[in-house]
1. Spot the failing condition for Gly166; the list is (1) surrounded by 14 or more Cβ atoms within 10 Å (Cβ to Cβ); (2) in the same structural domain as Asn93 (by TED's automatic domain parsing), and only one is missed.
2. Limited to region 64-80, what total is found for residues that are over 9 Å from the mean Cα position of the chain (by Cα), at pLDDT 65 or above, in a loop (DSSP other than H, G, I, E, B) and crowded, with 19+ Cβ neighbours inside 10 Å?
3. Only one of Val139, Val200 is out of contact with any Pro (no Cβ under 6 Å at 6 or more places or on another chain), surrounded by 11 or more Cβ atoms within 10 Å (Cβ to Cβ) and among the hydrophobic types (A, V, I, L, M, F, W, C). Can you tell me which?
4. Whether any residue in region 142-155 is of a type in the set (Gly, Ala, Ser) and either in a loop (DSSP other than H, G, I, E, B) or closer than 19 Å to Leu83 by Cα (or both) is what I want to check.
5. Between a residue in region 201-216 that is closer than 19 Å to Glu184 by Cβ and any residue that is assigned to a helix (DSSP H, G or I) and of a type in the set (Phe, Trp, Tyr), which pairs come within a Cβ distance under 9 Å, given they are 6 or more apart or on different chains?
6. Which number in (1) in contact (Cβ under 8 Å) with a residue 40 or more places away in the chain; (2) in the same structural domain as Val89 (by TED's automatic domain parsing) marks the one condition that Leu174 misses?
7. Could you list all residues from region 127-159 that are among the aliphatic types (A, V, I, L, M) and under 22 Å from Ala102 (Cα atoms)?
8. From the list Val34, Val45, Val61, exactly one residue is outside any loop (DSSP other than H, G, I, E, B), within 30 Å of Arg172 (Cβ to Cβ) and either touching a helix residue (DSSP H, G or I) at 6+ places or on another chain (Cβ under 6 Å) or at pLDDT 75 or above (or both). Which is it?
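The values are calculated or read from the model by the stated rules, or taken from the named source; none is laboratory data. Being a predicted model, the structure only gives us computed values, none of them experimental. Quick reminder, even Gly has a Cβ in these numbers, built from the backbone with ideal geometry, and neighbours come from all protein chains shown.
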Amino acid sequence: MARLAADENSFIRPSPSAGTLGGVTSTTRDAITVLEAAGYDVVLVETMGVGQSEAAVHASVDCLCVLALAGAGDDLQAVKRGLLELADVLAVNKADGDNEQAARLAAAELRRALPLLAPTREDGPPPVMTVSAATGAGVDELWDCIVEHRRLREASGGLARRRARGRLAWMRVLLERRLLEQFESQPGLAERRAELEHAVEQGQITPESAVDELLSTS
């Protein structure tokens, strides 16, 4: 990131999460649109991790690259299945020094597991690579893989279909967020919600009944 920030041809725009789930903020797609209009032909979206909706990330980008860390407790079991099903490219980082063998083993494990975890993908399981951010090993190959993924999807019409699905998915995400914001802005609702949450914690009312009561009083 330090090298990228010093590059005169790059522009970095931080986006505070503000409690947003899903790995991207509510303004991410707007930022992508503005940057593309400004002439940036490559827009990299670094997520803050993933929350409850990996689809929010997937709907925002042309290629979803998932980074795993071998040797740091981030093996196959630590990578969420939803991410594996949506990933276009997987890269196991820290493939250097004493950790290089562990990274290669983790990549091999992912390659074996992916056909079983996402057997219905029309373009087959995503490629799995090893990289080292410290030494730069594998980074050029990773970028070539991402470029080739875009070329193939664009040639097949898959890129246009993905962007269309992404626009629709993002509309639904925004609708859910706006409806929740509108609902929670009603006078007195915050106090009543706090009362019902306490009642649910104490076992005095079921979660279903609490939600029904909140909705009926809105």
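1. (2)
2. The number of residues fulfilling the criteria is 1.
3. Numbers: Val200 fails: out of contact with any Pro (no Cβ under 6 Å at 6 or more places or on another chain).
None of the other options fit; the residue is Val139.
4. To start, the set of residues in region 142-155 that are of a type in the set (Gly, Ala, Ser) comprises 155.
Filter once more, keeping what is either in a loop (DSSP other than H, G, I, E, B) or closer than 19 Å to Leu83 by Cα (or both): none.
Checking region 142-155: not a single residue is of a type in the set (Gly, Ala, Ser) and either in a loop (DSSP other than H, G, I, E, B) or closer than 19 Å to Leu83 by Cα (or both).
5. Leu214/Phe183; Leu215/Phe183
6. Condition (2) is where Leu174 drops out.
7. Val128, Met129, Val131, Ala133, Ala134, Ala137, Val139, Leu142 - these are the residues of region 127-159 that are among the aliphatic types (A, V, I, L, M) and under 22 Å from Ala102 (Cα atoms).
8. Details: Val45 fails: outside any loop (DSSP other than H, G, I, E, B); Val61 fails: outside any loop (DSSP other than H, G, I, E, B).
After applying the criteria, what remains is Val34.
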